[in-house]
Amino acid sequence: DNVGAYSGITILDVSSSVGSVVKLECHTPAMDHATMVWVRMRDEQLIAIGQNKYIDDTRFQVHHTVEDSTESWNLLISSAIREDAGIYQCLSQNASYLQAPNNTPITNQLFRIRISAPVIPFPALPAFVPTTEVYSALDQ
């Protein structure tokens, strides 16, 4: 199920739970004038171009860092909800994108977010201590 309608592009699975932070990491070679685009595929919602957000949901943030010869563009979704599940795409291109053979983007990565119910720890139950004594309401 990793290829389907996405023309053979591998989809990375990311699992998270309701209420947690989802982090999608996209990397591209560091070069002048490269721009990362984030899209939610189910409704073709443009999330961000570079660090400019195009989604009203304040839970979505883009963090950009450059280290050595790599740029990292991370999409963070805080306080995840079940509706955040689905396919997301990061796509980077630069000014020479239109002149590239077959208009091939520099980076094109798909992520499938799966959101599960939160894990709720149950408090420890008191240990059962067997006893031979029998109590009744009449013994009071």
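Structural remarks
- Tally, over the stretch 29-40, of residues that are within 11 Å of the chain's Cα centre (by Cα) and open to solvent by 80 Å² or more (accessible area, probe 1.4 Å): 0
- Every residue from the stretch 66-80 that is touching a strand residue (DSSP E or B) at 6+ places or on another chain (Cβ under 8 Å) and open to solvent by 70 Å² or more (accessible area, probe 1.4 Å): V66, S69
- Residues being part of a strand (DSSP E or B) and either surrounded by 14 or more Cβ atoms within 10 Å (Cβ to Cβ) or free of Cβ contacts under 8 Å to residues at least 24 places away in the same chain (or both) - total across the stretch 41-65: 12
- The stretch 9-28: number of residues that are within 24 Å of Q93 (Cβ to Cβ), part of a loop (DSSP other than H, G, I, E, B) and either open to solvent by less than 50 Å² (accessible area, probe 1.4 Å) or at pLDDT 95 or above (or both): 1
The values are calculated or read from the model by the stated rules, or taken from the named source; none is laboratory data. For clarity, every value in this text was computed on a predicted model and none was experimentally measured. For neighbour counting, all protein chains shown are included, and Cβ atoms are generated from backbone atoms with ideal geometry for every residue, glycine included. Calculation scope for accessible area: heavy atoms of the full protein, side chains included, ligands and nucleic acids excluded. Shrake-Rupley method; radii C 1.70, N 1.55, O 1.52, S 1.80 Å.
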